[in-house]
Every structure is written in C-alpha cells, then in structure tokens.
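Read-outs: derived from the displayed coordinates by stated rules, not from any lab. A quick note: this is a predicted structure, and the numbers were derived from the prediction, not measured. Counting neighbours? That spans all protein chains shown, and the Cβs are built from the backbone with ideal geometry, glycine included.
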Amino acid sequence: MSTRSQKGLSFETLPTRIKDKCGRVIEVRAYEAEDYESLKAMYDTFEPKGLEAGLPPGDDQAGLRWLQHVTSGLFNILALYKGSVIGHCTIDLCHAPSCPEYLIFVQKSFRDHGIGTRLSEVMKEVAKEAGCEKVWLTVRTANTRAINVFKKVGFEFCGGIEIERDMELDLKQAKVSCSLS
Ligand SMILES: CC(C)(COP(=O)(O)OP(=O)(O)OC[C@H]1O[C@@H](n2cnc3c(N)ncnc32)[C@H](O)[C@@H]1OP(=O)(O)O)[C@@H](O)C(=O)NCCC(=O)NCCS
C-alpha cells in the first residue's frame with residue numbers, strides 16, 4: 001500500500017517496517033500534519049543541536065522556525081516506536097526534485113541500532129521513486145558516525161576538503177548496478 005500525503009506525493013516504499021539491531025519493530029511512514037507535536041517532542045530533547053552541519057538550530061525560536069519550514073516545505077519520513085517519533089529524515093523534493101538535500105536525525109537513545117542506516121535506505125528508495133538523479137548533504141568531518149551511515153548507503157564525498165564536506169548519492173549509478181545484479 002502506498003502513502004498519499006505531503007503535497008500529494010505518493011510512494012510505494014511507504015509505509016514500511018524495519019527491525020533495529022535489538023529486533024524492535026520500527027514503523028516508517030510519511031509525515032502527516034497531525035504528527036507535528038510528536039515530531040516537535042523529539043526535537044525538544046534532541047541533542048546535539050546546531051553544532052554541526054545538518055543539525056537543527058539550538059535556539060528555541062530558530063528551532064521552531066526550522067521545524068515549521070521542514071514540515072511545510074520538504075518531504076518528511078518518520079520512524080516511530082510504540083507511537084513515538086524516534087527518527088526523522090527529510091528530502092527537499094519540492095524545490096530541488098532532481099537533486100534534493102537530505103537531512104536525518106535519530107533520537108539519542110536509539111542511535112547505533114541500525115535505524116539511521118535503514119531509514120536512509122528507505123529515503124534512497126523514495127528518492128529513486130521520485131525520479132531524483134542525485135541526493136546530497138553536508139556533514140561535519142568530525143561526525144564520523146553519520147559519515148559511516150552515509151557511505152553504507154552509497155554516498156560519496158564531493159567538492160573541497162573543509163571542516164564541513166558535501167556528500168552525494170548518485171541514483172543513476174544505483175539504478176544501473178541494481179539492474180546488473
Ligand atoms: C547520524 C545518525 C542519523 C545515525 O543514525 P544511527 O541510527 O545512530 O545509525 P546506525 O545505527 O544505523 O549506524 C551507525 C553506524 O556507525 C557506527 N559508529 C558508531 N559510532 C561511530 C563513530 N564514532 N565513528 C564511526 N562510526 C561509528 C556504528 O557502529 C554503526 O555502524 P555498523 O552498523 O556498521 O556497526 C544519528 O546518529 C544521529 O541522529 N546523529 C545526530 C544527528 C546527525 O548527526 N545527523 C546527521 C547530520 S549530517
């Protein structure tokens with residue numbers, strides 16, 4: 001069953017379920033307007049804030065503006081455990097449909113259980129379904145956990161070597177390698 005939500009976008013990939021490394025079943029589905037308070041609750045306690053590329057702003061007002069922008073203008077996918085939002089990722093399919101930016105956040109107590117990787121794989125399928133050619137992101141070089149996850153799903157570094165670096169996921173290549181395997 002596919003989802004119809006967020007500006008009429010519909011994807012066969014969603015909703016789905018993933019299992020984390022402990023065997024917990026995590027529901028993964030498109031964000032709906034009524035999820036706003038649950039998502040906000042995740043960000044109220046989210047750490048770290050605003051310290052590194054791709055992280056939500058630390059200031060309360062800026063954080064609120066950021067969340068309103070993300071939920072109103074971008075395509076959002078939620079990971080839920082027992083009804084609570086424990087992970088969120090987003091791609092900007094409206095403004096940059098062929099090469100959207102990717103952002104991902106997993107609640108601290110759920111990190112290192114495979115959820116970020118699986119959620120990124122779901123995002124990759126959604127981006128392929130949406131017809132994106134590439135997906136890109138910015139990450140701080142010190143954020144080695146995030147880089148590890150991004151490399152596992154196929155992102156590669158591009159651009160100059162700075163404290164923050166861009167990574168790109170080439171979905172045209174992904175399609176070719178899938179059809180050959
Ligand atoms: C980055 C993030 C989304 C990853 O999600 P996650 O659920 O923790 O990721 P996973 O559990 O799927 O994978 C983490 C991997 O990194 C490894 N890892 C953990 N700490 C690490 C470190 N310090 N350096 C390198 N790798 C590390 C884990 O072992 C795991 O790899 P494995 O599955 O091969 O064993 C999550 O940690 C997060 O929300 N961080 C804060 C926000 C953030 O940085 N977002 C990205 C901004 S660009």
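Here are the numbers for this structure:
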quantity	calculated
Likely footprinting exposure, H113, H88, H69, fewest C-beta neighbours within 10 Å first	H69, H113, H88
Qualifying GluC sites (Glu not before Pro) in the stretch 1-109, DSSP loop, other Cβ atoms within 10 Å at most 16	E12, E32, E52
Residues of type lysines that K128 reaches as a straight line, Cα spacing below 16 Å, ignoring anything fewer than 8 places off in the same chain	K172, K175
Projected-area mean, the chain, by convex hull of Cα positions, square nanometres	10.5 nm²
Relative contact order (%) - criterion: Cα under 8 Å, at least six apart; region: the stretch 72-181	20 percent
Residues with amide H under 5 Å from that of F11, placed H, sequence gap 5 or more	T3
Long-range HN-HN contacts of G87 with modeled amide H, under 5 Å	A79, Q107
Residues R165, R65 arranged by fewest to most Cβ contacts within 10 Å	R65, R165
Vicinal HN-Hα couplings computed from phi for the stretch 16-28 (Karplus, 6.51 cos²θ - 1.76 cosθ + 1.60; Hz; Gly/Pro x)	8, 10, 10, 10, 7, 5, 8, x, 6, 8, 10, 7, 10
Positive-end residue, the chain charge dipole about Cα centroid, Cβ charges, pick of L119, G8, F75	L119
Charge dipole of the stretch 3-180 about the Cα centre (unit charges at C-beta), most positive-ward option of Y36, V85, T141	V85
Overall form of the stretch 1-81 per C-alpha gyration tensor (a/c, 1.5; a/b vs b/c)	oblate
Per-residue Cβ neighbour rank within 10 angstrom, fewest leading, V122, V106, V153, V135	V153, V122, V106, V135
